[in-house]
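The values are calculated or read from the model by the stated rules, or taken from the named source; none is laboratory data. Small disclaimer: the values here were computed from a predicted structure and weren't measured. We place every Cβ from the backbone using ideal geometry, glycine too, and count neighbours over all the protein chains shown. Heads up: the accessible areas ignore ligands, DNA and RNA and are worked out on the full protein's heavy atoms, side chains in. Shrake-Rupley method; radii C 1.70, N 1.55, O 1.52, S 1.80 Å.
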Amino acid sequence: MLQNFVPVLILFLFAAAFGLGVLLISSLLGPKRPTAAKQATYECGMDVQPDARRPLDVKYYLIAMAFLIFDVEVIFLYPWAVQFKSLGLFGFIEMLVFLFILLVGYAYIWKKGVLEWE
Amino acid sequence: MDFLIESVLKVAVVFGVLLGSVAYTTLLERKFLGRLQVRHGPNRAGPFGLLQPLADGLKFFFKEDIVPANVDKPVFILAPVIALVPAICIVAVIPFGDSVTIFGREVKMHITDMNVAVLYILGLSGIGAYGAMLGGWASNNKYGLIGAMRSGAQTISYELAMGMTLVSIIMMSGSLSLTKIVAGQTFYWNIFFQPVAFVLFIIAGLAEINRTPFDMPEAEAELACGFNIEYSSMKFALFFMAEYAHMISLAAITVCLFLGGWNLPFGWEVPFVPKIFWFIAKVFLLIVFFIWERGTFPRLRYDQIMNLGWKWLMPIAIVNMLVTGVVMTLIG
């Protein structure tokens, strides 16, 4: 069982070693001639306004929260879907109830305008 | 011990083939896009430009790696690696073909057969979004930050639609393991029963890997390159490779879930052709399709993208799932 995950670890080590390795090699091989203009933040040649870390639109946070809720519900659907054939009609109706609750929440955030991007 | 050696060998082969495919997918894309736009594409390095990926790779090594003064240095350097590693790790669960016998030893044509493969894929593609998010944030650049936020919001929105779409496939196959899902398609491919899910999956997948027409995070015209704007040299190349590795693995996953993996439809068999050939052919055709639609569709506006994901794909996926459930319950 756990044996199935050993190759994944090996592949992970390969990928991480490759990524860090090529970064190291290119930092050794490439030239290094930093100047103030080169190291300035790129802003299409305009003077850089100080803070790029400005507050973000609240929309992004709302989407993130809605995603969390719905993604957890999708994960709940997976074990049910795997066992769907053996659960039969009873399992299907149970899941319809669950889905109905999910859809109420979905209709609510839609009506509240969480999904509107102007 | 045998198991370990076999695993390391398999990983090495798959890793090498994947990197080679990534390099040559870039050439294929540039050539084919060029032809779509009535020009030649790269044709100077080697015959038909076949050495172009090598030349590009070498050039990346010898370019100056500029780190702007006010970036968050550790995150800035690690972000490309964080983008690349999950993109490569996804291939671990993809079955390429039936088992073959090498030196009297049966070798399965996949790195590992995980019983939660679909969850593993969804999880890793979620982690892949961190690369772009962290890179854009660490750059301390407004274009980068906007690109990163868009990328994050878009990826999670479409991951939801994708997860919902897959429920109907899992209901039919009764397993989360890609090997079992492919094994269930020796006669009828899943696309025959689930054409709607197939279309939904392709759309959500394209949005998830940020490809045209959903390439909002990069949006050259408005964001000047988006999250990787401050990146140069090999760090930029790693982002680029992650994108193409995602594209290849999306094609491979689509083939496994909907197009029968290494099987021909209706149980057809062609003598003397190894089954892995069909797998590679299907993946290749899908990649050509991805490039083709990049040359054809204009980019969507950001609000249109979010609308499509939340107000169209999600409900259609839920309805598709319900219809699948009703039909399966009726025919028992």
Discussion item. Filter the stretch B:288-319 down to the residues that are open to solvent by 20 Å² or more (accessible area, probe 1.4 Å), more than 9 Å from every other protein chain (Cβ to nearest Cβ) and in a helix (DSSP H, G or I) and list them by number.
Written reply: B:288, B:289, B:292, B:294, B:295, B:296, B:308, B:312, B:316, B:319
Discussion item. Looking only at the stretch B:87-109, filter to residues that are among the β-branched types (Val, Ile, Thr), open to solvent by less than 70 Å² (accessible area, probe 1.4 Å) and part of a strand (DSSP E or B); which one of those is nearest to the other protein chains (Cβ to nearest Cβ)?
Written reply: B:107
Worksheet entry | Check on residue B:63, within 30 Å of residue A:38 (Cα to Cα), touching a residue at least 24 places away in the same chain (Cβ under 8 Å) and of a type in the set (Lys, Arg) | yes
Worksheet item: Restricting the stretch B:110-120 to residues that are open to solvent by 20 Å² or more (accessible area, probe 1.4 Å) and hydrophobic (A, V, I, L, M, F, W, C), which is farthest from residue B:160 (Cα to Cα)?
Response: B:116
Worksheet item: Which of the residues spanning the stretch B:257-278 are at pLDDT below 90 and part of a helix (DSSP H, G or I)?
Response: B:265, B:266, B:267, B:275, B:276, B:277, B:278
Worksheet, complete the sentence: Of the residues in the stretch B:105-128, those that are over 15 Å from residue A:4 (Cα atoms) and touching a Pro at 6+ places or on another chain (Cβ under 9 Å) come to B:123, B:124, B:125, B:126, B:127, B:128
Response to the item:
Considering residues that are at pLDDT 90 or above and open to solvent by less than 20 Å² (accessible area, probe 1.4 Å), the number found within the stretch B:182-201 is 3
Worksheet item: Going through the stretch B:34-86 one residue at a time, which ones are of a type in the set (Lys, Arg) and either under 24 Å from the mean Cα position of the chain (by Cα) or surrounded by 14 or more Cβ atoms within 10 Å (Cβ to Cβ) (or both)?
Response: B:35, B:63
Response to the item:
Flagged in the stretch B:1-31 as facing another protein chain (nearest Cβ under 8 Å) and more than 16 Å from the chain's Cα centre (by Cα), in numbering order, are B:3, B:4, B:7, B:8, B:10, B:11, B:12
Worksheet item: Of all residues in the stretch B:124-181, which are outside any helix (DSSP H, G or I), more than 7 Å from chain A (Cβ to nearest Cβ) and surrounded by fewer than 24 Cβ atoms within 10 Å (Cβ to Cβ)?
Response: B:177
Worksheet entry | Residues (of a type in the set (Gly, Ala, Ser) and either touching a residue at least 12 places away in the same chain (Cβ under 8 Å) or not in a helix (DSSP H, G or I) (or both)) located in the stretch B:1-45 | B:7, B:21, B:23, B:41, B:45
Practice prompt. Considering each of A:114, A:104 in turn, give the residue that is in contact (Cβ under 8 Å) with a residue 40 or more places away in the chain and among the aliphatic types (A, V, I, L, M).
Written response: A:114
Discussion item. Filter the stretch B:12-56 down to the residues that are touching a helix residue (DSSP H, G or I) at 6+ places or on another chain (Cβ under 7 Å) and closer than 21 Å to residue A:23 by Cβ and list them by number.
Written reply: B:15, B:18, B:22, B:23, B:26, B:53
